[in-house]
Amino acid sequence: MNIKHILIGLEIHIELKTQSKMFCGCSADHFGKKPNTQTCPVCLGLPGALPVPNKKAIDWTILTGLALNCHIPKVAKFDRKNYFYPDLVKGYQISQYDQPFCLNGWLEFIAHKENCKAKIRRVHQEEDTGKLVHEEINGEKCSLIDFNRSGVPLIEIVTEPDINSSDEAKKFLEKLQQIVRYLEVADADMEKGQMRCEPTVNLLIEDGGKDYYTPLVEIKNINSFRFVQRAIDYEIERQLKEFSENRIVKMPGNKTTRGWNEKKQGTVLQRTKEEASDYRYFPEPDIPPFIWSENDLNAFRKDFNRFEMPEQLEKRFVSTYSLKPEAAEILCREKRLADFYEKSVLLGLEKKITATEIANWLINRKESLSSLSPEEFIIKVGESKNYFSLTEEEIAALVEPILKENPKIVKDYLGGKTQVLGYLIGLVQKMAKGKADPRKVQEILKQKLA
Ligand code: ZN
Ligand code: MN
């Protein structure tokens, strides 16, 4: 018996960072706010309240769809997804069923140094639910509901099961996060719940010359990239074991939900999933369908074209600033760092600091840039450049005699007492009258000692 193929599909919810909620004027910025202070009759689902769609949220959903190479159908509509849960005030969620805003895209990403590609089934728009908080008050366990999150715009992205390992899943999510941050439509911080991922996992197992699919499992309750990986790896092992023990195979339309349990570091059965028809989807009667004209579709495309996506930016950094592709990739991981870099390069021109020098500084010094403006950063680089005037060869020339004159310390170091390195750096600096870059001194010392 062996695993022939691992099939992983991802369902991802991302909160858009619009000012207001999806169907009302309440603030959408709910994180850390006092419970139930950002609500109104619409997002509390009071009788008679009517939803008014947020144009920006729809534009951003389509923008994300375009970045994920999706087709934008001419007609789209909202539907009601009916289910009962205390955090869902209306008894239904306004979502999209058979006519979402974006269909059939794909996303390329790099995992285990190879180019991978996963098909995107759809990108649709919906509203977030309220949040249940479980607490103990006066010794009594109770559940409280905070509706500040109720009605916050979400995009849901669904992939085909084209992902084949937990590492690929993580890389896919990182790429997706990078894209929505580049588009400036979401912060997509998993720890804050702004990006939530539910992987579906099953296996194709070969046994005695025959192929079997294991039952499809959806994993919920994951709040970090690390746990996505762990939960998938756990689930692969669990399914293999379960199949070898009882040979249960996949049934069409059947899906089981398991929750990731951080304490147990495993997945735990939650429920056997209701099928799509259980949600009794029907068109949202309070919001007419969207019928895009040729002009509308062109405007969406034009809006998307204003953005420079990570790969384009990397290529431009390589050609404009003669950076190595690896350096450009690191600088472009975060849009903020890329912007900081470009501003610094411009400022560095006057001080004769090259684009490569600035790149090296940003990549090697893991300095916190949050407290530094590009102006301050360039002053710092300029100062240290003039100040640390010794070249690597000159430093090496100082290092060698010092090592020869201190055989005991060298022996200590080689014996594992690495803390003596500081003493050696001090000796070199004394000879260099402080004109040697301590980072370089340390590097050269380590090389020579090795
Ligand atoms: Zn509201
Ligand atoms: Mn959803």
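The values are calculated or read from the model by the stated rules, or taken from the named source; none is laboratory data. On a predicted model such as this, the values are computed, not experimentally measured, just so you know. Reconstructed Cβ throughout: ideal geometry from the backbone, glycine too, with neighbour counts over all protein chains shown. Only protein heavy atoms, including side chains, enter the accessible area calculation; ligands, DNA and RNA are left aside. Shrake-Rupley method; radii C 1.70, N 1.55, O 1.52, S 1.80 Å.
Put simply, of P288, P283, P325 the only residue that is out of contact with any strand residue (DSSP E or B) (no Cβ under 9 Å at 6 or more places or on another chain) and under 30 Å from G48 (Cα atoms) is P288.
Of all residues in the range 397-450, those satisfying the criterion of being open to solvent by less than 60 Å² (accessible area, probe 1.4 Å) and of a type in the set (D, E, K, R) are D412, D437. Does V201 satisfy the condition of being touching a residue at least 60 places away in the same chain (Cβ under 8 Å), within 16 Å of ligand 2 (Cβ to nearest atom), hydrophobic (A, V, I, L, M, F, W, C) and more than 17 Å from G65 (Cβ to Cβ)? Taking the combined requirement at face value, the residue does not satisfy it.
On inspection, R258 fails the criterion of being surrounded by 12 or more Cβ atoms within 10 Å (Cβ to Cβ), modelled with pLDDT under 95, out of contact with any Phe, Trp or Tyr (no Cβ under 6 Å at 6 or more places or on another chain) and closer than 30 Å to L183 by Cβ. Taken over the range 79-101, the residue count meeting the criterion of being away from ligand 2 (no atom under 13 Å from the Cβ) and over 25 Å from N36 (Cβ atoms) is 3.
Checking each residue in the range 396-450 for being more than 27 Å from K385 (Cα to Cα) and not in a helix (DSSP H, G or I) picks out N406, G415, G416, K417, A450. Scanning the range 162-181 for residues that are open to solvent by 30 Å² or more (accessible area, probe 1.4 Å) and either within 16 Å of ligand 2 (Cβ to nearest atom) or within 13 Å of I12 (Cα to Cα) (or both) gives K170, E174, K175.
Are any residues in the range 338-356 aliphatic (A, V, I, L, M) and open to solvent by 40 Å² or more (accessible area, probe 1.4 Å), and if so, which ones? Once the filter is applied, which keeps residues that are aliphatic (A, V, I, L, M) and open to solvent by 40 Å² or more (accessible area, probe 1.4 Å), the range 338-356 yields L346, L347, L349. Every listed requirement among (1) in contact with an Asp or Glu (Cβ under 6 Å, 6 or more places away or on another chain); (2) away from ligand 1 (no atom under 15 Å from the Cβ) is met by P35 save one, (2). Go through the range 317-336 and give me each residue that's part of a helix (DSSP H, G or I) and surrounded by 15 or more Cβ atoms within 10 Å (Cβ to Cβ). Listed by number, the residues that qualify are F317, V318, Y321, A327, A328, E329, I330, L331, C332, K335.
Residues considered: E184, E156. Of these, the only one that is part of a loop (DSSP other than H, G, I, E, B) and surrounded by fewer than 20 Cβ atoms within 10 Å (Cβ to Cβ) is E184. Can you tell me which of I62, I94, I72 is hydrophobic (A, V, I, L, M, F, W, C), touching a residue at least 40 places away in the same chain (Cβ under 8 Å) and within 16 Å of ligand 1 (Cβ to nearest atom)? The match here is I94.
Here is a yes/no grid of residues against (1) under 20 Å from the mean Cα position of the chain (by Cα); (2) open to solvent by 70 Å² or more (accessible area, probe 1.4 Å); (3) of a type outside the set (G, A, S); (4) within 16 Å of ligand 2 (Cβ to nearest atom):
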| residue | (1), (2), (3), (4) |
| --- | --- |
| N2 | no, yes, yes, no |
| L7 | no, no, yes, no |
| E15 | yes, no, yes, yes |
| S20 | no, no, no, no |
| F23 | no, no, yes, yes |
| C26 | no, no, yes, no |
| K33 | no, yes, yes, no |
| T39 | no, no, yes, no |
| L50 | no, yes, yes, no |
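Could you please let me know if N148 is away from ligand 2 (no atom under 16 Å from the Cβ), in contact (Cβ under 8 Å) with a residue 40 or more places away in the chain and touching a His at 6+ places or on another chain (Cβ under 6 Å)? Yes: the conditions hold for N148. Just one of the listed residues (E174, E156, E160, E191) is away from ligand 1 (no atom under 16 Å from the Cβ), within 30 Å of T37 (Cβ to Cβ) and either touching a residue at least 60 places away in the same chain (Cβ under 8 Å) or in contact with a helix residue (DSSP H, G or I) (Cβ under 6 Å, 6 or more places away or on another chain) (or both), and it is E156. Selection of the range 70-122 for residues being among the aromatic types (F, W, Y) and open to solvent by less than 30 Å² (accessible area, probe 1.4 Å) yields F78, F101, F109. Pairs linking a residue in the range 9-20 that is over 27 Å from D233 (Cα atoms) to a residue that is part of a strand (DSSP E or B) and at pLDDT 95 or above, with Cβ atoms under 6 Å and 6 or more positions apart or on different chains, are L16/P153; T18/P153.
Residues in the range 292-311 that are loosely packed, with under 11 Cβ neighbours inside 10 Å and either charged (D, E, K, R) or not in a loop (DSSP other than H, G, I, E, B) (or both): E294, N295, K302, N305, R306. Considering only the range 370-388, I want to know if a residue exists there that is touching a residue at least 60 places away in the same chain (Cβ under 8 Å) and under 34 Å from the mean Cα position of the chain (by Cα). No. In the range 201-238, the residue that is nearest to the chain's Cα centre (by Cα) out of those that are surrounded by fewer than 22 Cβ atoms within 10 Å (Cβ to Cβ) and polar (S, T, N, Q) is S224. Would you mind finding the one in M190, M195 that is modelled with pLDDT of 95 or more and either surrounded by 19 or more Cβ atoms within 10 Å (Cβ to Cβ) or within 20 Å of D87 (Cβ to Cβ) (or both)? Among M190, M195, only M195 is modelled with pLDDT of 95 or more and either surrounded by 19 or more Cβ atoms within 10 Å (Cβ to Cβ) or within 20 Å of D87 (Cβ to Cβ) (or both).
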